[in-house]
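> One structure is given below, represented as structure tokens, and several questions about it will come after.
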Amino acid sequence: MKHSYDAIIIGTGQAGPSLAGRLAGSGMKVAVIERKLFGGTCVNTGCIPTKTMVASAYAARMARRAAEYGISTGPVTVDMKRVKARKDEISGRSRTGVEHWLKGMKNCTVHEGHARFVSAHEVTVGEDLLAADRIFVNVGGRAVVPEMPGLDQVNFLTNSSMMEVDFLPPHLVIVGGSYIGLEFGQMFRRFGSEVTIVEMAPRLIHREDEDVSVAIHDILEAEGIHLRLNAKCIRIAKRDDGVAVGVDCVDGDPEVHGSHLLLAVGRRPNTDDLGLEEAGVLGDKRGYIVVDDELRTNVPGIWALGDCNGKGGFTHTAYNDFEIVAANLLDNDPRRVSDRITAYALYIDPPLGRAGMTETEVRNSGKHALIGTRPMTRVGRAIEKGETQGFMKILVDADSKQILGASILGTSGDEAIHTILDMMYARAPYTVMQRAMHIHPTVSELLPTVLGELKPLAGQIGASGT
Ligand SMILES: Cc1cc2nc3c(=O)[nH]c(=O)nc-3n(C[C@H](O)[C@H](O)[C@H](O)COP(=O)(O)OP(=O)(O)OC[C@H]3O[C@@H](n4cnc5c(N)ncnc54)[C@H](O)[C@@H]3O)c2cc1C
């Protein structure tokens, strides 16, 4: 059956539903297509369930540390069925919220099934053919399953199947020492599993500065997580009691034995089964849809938003994509992807909040820069909470006095970083924040202090000590 619309939105992740709301609200006849779970990755297998589980893991950790705070508890046990039930409840509420919103939306029709382009303006969903002049692709991504010797011989988990785990894996081996692997690793260690994280690179989350990587390494190791870096030629073998992961590391045992294996080695876009060729839409060699600064593809009338365009990889970047497209189409407001500043968090405990450039990027840029740092052991709020791991670091352009970037690894780092981020958006000189009166006692109250103690970035021309 053929249906004609003004706009078709494929996928109900972090951009599609809000865009449907704006387009339908403007009077357009809109179709929304979802092949699986309403709300997409963030709601069902990403941010919301993992942060819900991180909260359970934090509770377990603090219960075990209770005596340090003068609190007596009985033996601490973790009931994984209840951890999962709490996660399912919170994630499920969000999923049904999105579904009911879309299904009850005026001017909007929901089609459930897999969408595939058959031409630049037509998409099939099962027996239905949907046509529109405007098509918005918000299909997200999924876990990469790499070609790894022996992987086809064993059962393995990804971030999606981890959502069904309602038991305690005796020994969880995680291949991948980046954001997703580290969050699951610390969480399951706190639930009570033995955890080994295997990483090919010489250090964890190697996109971060080395001092950040090292501090995170120390935090995880202090909780008893085994870290195997420099793992080359990773190979997998089945064992009676689980799996063996050959790591060929420079040091230590050449093999890690575990009961369960989690793959966390990256994400790939859901574009391989979308019929992009039929529509004439170009992708790059990794499958990401190529878009311009307003998220238009090479085909007039087709846009790509969220993880599938390779411009972000986070919920807030996908939502920002929606804002950019809606502003350009409906508000005559020329918002651009290039207007946004890098920002994200890593939700281990304590979290890492990041904004703008890393120190490495600043050095590589050749900018004349200043740097200020402070360990969390010198942050009153962290001391009072008994959570003094980590440090903060801010980089400033010595010429313009604008903040270039910051990393706050420490308690509330994911929140405090926004003070920096907003200063960066305001393009204000750092002296504005340096003179601002912040609230005591908070982590953010030390940001003006750090800015008052800036020093030339060592190793740069003109820096002291070089
Ligand atoms: C474990 C994990 C933790 C994460 N934690 C965070 C975090 O803390 N903070 C953060 O900002 N980000 C986090 N992310 C990333 C975040 O989840 C994603 O960036 C975000 O969900 C991307 O949204 P999206 O709209 O691009 O696509 P998605 O949310 O992936 O949604 C795409 C939707 O499209 C549907 N779809 C796909 N193909 C088709 C088709 N052909 N037809 C019909 N429907 C289709 C899918 O079923 C899905 O519902 C995490 C990711 C993971 C995996």
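> If we only count strands (runs of 3 or more DSSP E) wholly inside the stretch 99-142, which ones have 1 or more residues that are open to solvent by 70 Å² or more (accessible area, probe 1.4 Å), modelled with pLDDT of 95 or more and more than 9 Å from the ligand (Cβ to nearest atom)?
Hits in the stretch 99-142: 134-137.
> Say whether the condition of being of a type in the set (Val, Ile, Thr), more than 30 Å from Ile403 (Cα to Cα), within 16 Å of the ligand (Cβ to nearest atom) and open to solvent by less than 40 Å² (accessible area, probe 1.4 Å) is met by at least one residue in the stretch 316-336.
no
> If you go through the stretch 155-178 one residue at a time, how many are crowded, with 22+ Cβ neighbours inside 10 Å and assigned to a helix (DSSP H, G or I)?
1
> Return the only residue of Ala264, Ala237, Ala279 being within 16 Å of the ligand (Cβ to nearest atom) and touching a helix residue (DSSP H, G or I) at 6+ places or on another chain (Cβ under 8 Å).
Of the residues listed, the single one that is within 16 Å of the ligand (Cβ to nearest atom) and touching a helix residue (DSSP H, G or I) at 6+ places or on another chain (Cβ under 8 Å) is Ala264.
> Here's a follow-up. Counting just the residues of the stretch 14-62 that are buried (at least 18 other Cβ atoms within 10 Å of the Cβ) and on the phi > 0 side of the Ramachandran plot, which one comes out nearest to the ligand (Cβ to nearest atom)?
Gly40
> Output the number of residues of the stretch 289-298 satisfying the condition of being crowded, with 18+ Cβ neighbours inside 10 Å and either more than 13 Å from the ligand (Cβ to nearest atom) or over 17 Å from Ser338 (Cβ atoms) (or both).
2
> Right, here's the next one. Could you list, in sequence order, the residues of the stretch 389-412 that are at negative phi, open to solvent by less than 50 Å² (accessible area, probe 1.4 Å) and assigned to a loop (DSSP other than H, G, I, E, B)?
The answer is Ala398, Thr411.
> Could you look through the stretch 63-84, keep only residues that are open to solvent by less than 100 Å² (accessible area, probe 1.4 Å), in contact (Cβ under 8 Å) with a residue 12 or more places away in the chain and assigned to a helix (DSSP H, G or I), and pick out the one that is nearest to Leu23 (Cα to Cα)?
Checked the stretch 63-84; the qualifying residue nearest to Leu23 (Cα to Cα) is Lys84.
> In the stretch 392-403, what residues are hydrophobic (A, V, I, L, M, F, W, C) and over 15 Å from Ala355 (Cβ atoms)?
Answer for the stretch 392-403, where residues must be hydrophobic (A, V, I, L, M, F, W, C) and over 15 Å from Ala355 (Cβ atoms): just Ala398.
> Any residue that is over 25 Å from Glu223 (Cβ atoms) and touching a helix residue (DSSP H, G or I) at 6+ places or on another chain (Cβ under 6 Å) - is there at least one of those in the stretch 74-94?
yes
> Further question: So for the stretch 89-96 (the condition being among the hydroxyl-bearing types (Ser, Thr, Tyr), within 12 Å of the ligand (Cβ to nearest atom) and not in a loop (DSSP other than H, G, I, E, B)), does at least one residue qualify?
The answer is yes; a qualifying residue exists.
> So is Val245 more than 16 Å from the ligand (Cβ to nearest atom), part of a strand (DSSP E or B) and under 27 Å from the mean Cα position of the chain (by Cα) or not?
yes
The values are calculated or read from the model by the stated rules, or taken from the named source; none is laboratory data. Small disclaimer: the values here were computed from a predicted structure and weren't measured. Note: ideal-geometry Cβ built from the backbone for every residue, glycine included; neighbour counts use all protein chains shown. For accessibility, only protein heavy atoms count, side chains too; no ligands or nucleic acids. Shrake-Rupley method; radii C 1.70, N 1.55, O 1.52, S 1.80 Å.
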